[in-house]
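So the structure is just underneath, and the comments pick up after that.
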Amino acid sequence: MWRIGLTGSIATGKSTVLKAFADLGVPTLSADEVVAQLYAGEAVAPVEAAFPGVTRDGAIDRNLLSQQLAKDPSGFKRLEALVHPLVRARIAGFMDDAEAAGHQLAVVEVPLLFESGYDYGFHAVAVTWVDDAIQRQRALARPGMTVEKLETIIARQMPQAEKKARATYLFDTGMPVNKTVEMVAALVAAIRAKGPKNEP
């Protein structure tokens, strides 16, 4: 089975591309959704122990956690050390299950894939990208986003040009959505035409 990682900087259309894969019957998973599940489950106790006061109603409150991390950015490393192993285990299990079910490919969205330095066993990486001006416009339109917050996020992310250089497949999401969907469909068709493989 082809194991494909999907990544890209903030507001570059990762969710749109992931949905396009899912609409074609491809098993998909979002690392952000995995984190959300963990923050309501097995990660609550260790994260609360490391960052006291970030739990609300039995789950990790991401706003409270963000406030603590903003005051002490060194906390990111401690948080990643706690959460990343749990996320990796969930992703590995998802891909193994997809392969056992007979799927030819599965796609996992990992926003900080390159930044993490962990390859998750992916055979290929799809990168979403968009013109910097469009990226900023999209990001700043999000609820609660500020210029300062966006700058902080972008500073933690690898430059788009570098991500594009590392990509196996590129998706420019600055074009109409139907064009992006067509590109995903063409890739899925090409992979399915090759037949099941363990290596691309």
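Observations on the structure shown:
- In the stretch 29-117, counting only helices (runs of 4 or more DSSP H) that sit wholly within it, the ones holding 1 or more residues that are under 15 Å from the mean Cα position of the chain (by Cα), assigned by TED's automatic domain parsing to the domain that holds Gly5 and without any contact (Cβ under 8 Å) to a residue 40 or more places away in the chain span 113-116.
- Matching residues in the stretch 133-169 - criterion: being hydroxyl-bearing (Ser, Thr, Tyr) and modelled with pLDDT under 95: Thr146, Thr152
- Search result, residues across the stretch 126-144 that are over 25 Å from Leu79 (Cα atoms) and outside any loop (DSSP other than H, G, I, E, B): Ala126, Val127, Thr128, Trp129, Asp132, Ala133, Ile134, Gln135, Arg136, Gln137, Arg138, Leu140
- Odd one out for Gln135 among (1) in the same structural domain as Ala20 (by TED's automatic domain parsing); (2) under 26 Å from Gly25 (Cα atoms): (2)
- Among all positions in the stretch 176-188, there is no residue which is surrounded by 12 or more Cβ atoms within 10 Å (Cβ to Cβ), of a type in the set (Lys, Arg), farther than 22 Å from Ala31 by Cβ and under 19 Å from the mean Cα position of the chain (by Cα).
- Candidates in the stretch 1-21 are the residues that are of a type outside the set (Val, Ile, Thr) and in a strand (DSSP E or B); of these, the one that is nearest to Arg142 (Cα to Cα) is Gly8.
- Residue that is surrounded by 13 or more Cβ atoms within 10 Å (Cβ to Cβ), at pLDDT below 95 and within 30 Å of Ile4 (Cα to Cα), where the choices are Glu109, Glu80, Glu99: Glu80
- Residues within the stretch 10-21 that are polar (S, T, N, Q) and either buried (at least 24 other Cβ atoms within 10 Å of the Cβ) or not assigned by TED's automatic domain parsing to the domain that holds Ala126 (or both), tallied: 1
- Of the residues Gln135, Gln104, the single one that is polar (S, T, N, Q) and farther than 16 Å from Thr16 by Cα is Gln104.
- In the set (1) at pLDDT below 95; (2) surrounded by 13 or more Cβ atoms within 10 Å (Cβ to Cβ), Val130 fails one condition alone, (1).
- Taken over the stretch 22-37, the criterion of being surrounded by 20 or more Cβ atoms within 10 Å (Cβ to Cβ), closer than 12 Å to Leu86 by Cα and of a type outside the set (Val, Ile, Thr) is satisfied by Ala31 alone.
The values are calculated or read from the model by the stated rules, or taken from the named source; none is laboratory data. The shown structure was predicted, so the numbers you read here are calculated from the model rather than taken from an experiment. Neighbour counts are summed over all protein chains in view; Cβ atoms, including those assigned to glycine, are modelled from backbone coordinates with ideal geometry.
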